[in-house]
Amino acid sequence: MSEHSDLRLAGRTAVVTGATRGVGLAVARRLRAGGARVVVNYAHSDQDAELALKELDGLPGASVAVRADVTTAAGLDLLLGEVRDRYGRLDVFVHNAAPWRPTPAVGGDAAAVTAAVGAALDPLLRGGARIAELMGGGPGRIVAVSSSGARSVVPRYVAAGVAKAALESLVRYLAVELAGRGITVNAVSTMKLDKGPATPQPEVAAALAARTPAGRLTTPEDLADVVALLCSPEAAWLHGQTVTADGGLGLL
C-alpha cells in the first residue's frame, strides 16, 4: 500500500504507544502520512523520541512526542490529559507498547509473566473509559498490536505469549462494550518480523522467509498498513477481530 493512500485519516487525532521505533514508529509514520495528528508516546528515551519526530518531519500530518509510561495509572493520565488539552478529542488509539523478558514456562520467571500481562492489559483496562470519552461517541478506533505467540508456542516467549493471548481476549470484550458508542476495537498480529540487519537469529529468519508463501517476512511497514486500514472508515463493521498479517506463513 502506498504510504499516501487515502484512508481518510486527515485531521484525525491518533495516539500510538511505544512509537519511537519498530512497529510503533512505522504505525506513527503511516498514520501521519495519511494526514493524521499523531501523538508519539514513549516511556524512556528522549533521544529516540527526537529521532522519531525528525523521521516524521515533512509528512502531511503533524506529530508531537509525549513521554509517559502507559503501564502506570499516572502515566496514562498524563498522556490522555495531554491529548485532551491539545486536541479536545481522540479518534485513534494504537496500543503497541509491550515490554517483556524472555523466560521458559517450566521453571520460568513468574514475575516477568505477571509484568508482561499487566503491561499488555493495563493501558486499555485503566484507560478504556477515558479513551471512549475522548472519542466522544465515535467514530473511534482502538487497535492493539498482538503476536502469533498468543496462539502458538515460541521458545522462551511465555511472558509475551500469555500477555498477548490475554490482550486478544480483552479486545473482544472491549469491542462488545464499545460497539454501541461507535468505537471499534481490533488487533493485528504477525509471526517473526523482518527488522533488517537488527533481526535476531538471522538463520531462523531466513528459514521462515523461505517458508512464507508471499516470499518474505513481515516488515513493520506491512503491519502499519493493516493498522491504518483498521483505522479507516471502511473498517467500521470490524469488531473484536485479530487480523493476522504474515504473508501466509501461519497457514502452513
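The values are calculated or read from the model by the stated rules, or taken from the named source; none is laboratory data. All of these numbers come straight from a predicted model, not from anything done at the bench. Cβ coordinates were reconstructed from backbone atoms using ideal geometry, including for glycine residues, and neighbour counts include every protein chain displayed.
Here are the numbers for this structure:
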| quantity | calculated |
| --- | --- |
| Set Val226, Val243: member being closer than 22 Å to Ser169 by Cβ and part of a helix (DSSP H, G or I) | Val226 |
| Ala235 vs. criteria farther than 24 Å from Ala98 by Cα and touching a residue at least 24 places away in the same chain (Cβ under 8 Å) | yes |
| Verdict on Ala105 being of a type in the set (A, V, I, L, M, F, W, C), surrounded by fewer than 21 Cβ atoms within 10 Å (Cβ to Cβ) and either in contact with an Asp or Glu (Cβ under 7 Å, 6 or more places away or on another chain) or over 21 Å from Ala73 (Cα atoms) (or both) | yes |
| Selection count, region 201-246, where residues are more than 24 Å from Val15 (Cα to Cα), surrounded by fewer than 21 Cβ atoms within 10 Å (Cβ to Cβ) and out of contact with any helix residue (DSSP H, G or I) (no Cβ under 6 Å at 6 or more places or on another chain) | 14 |
| Extreme residue, farthest from the chain's Cα centre (by Cα), among residues of region 149-169 that are more than 14 Å from Ser189 (Cβ to Cβ) and either in a helix (DSSP H, G or I) or modelled with pLDDT of 95 or more (or both) | Val158 |
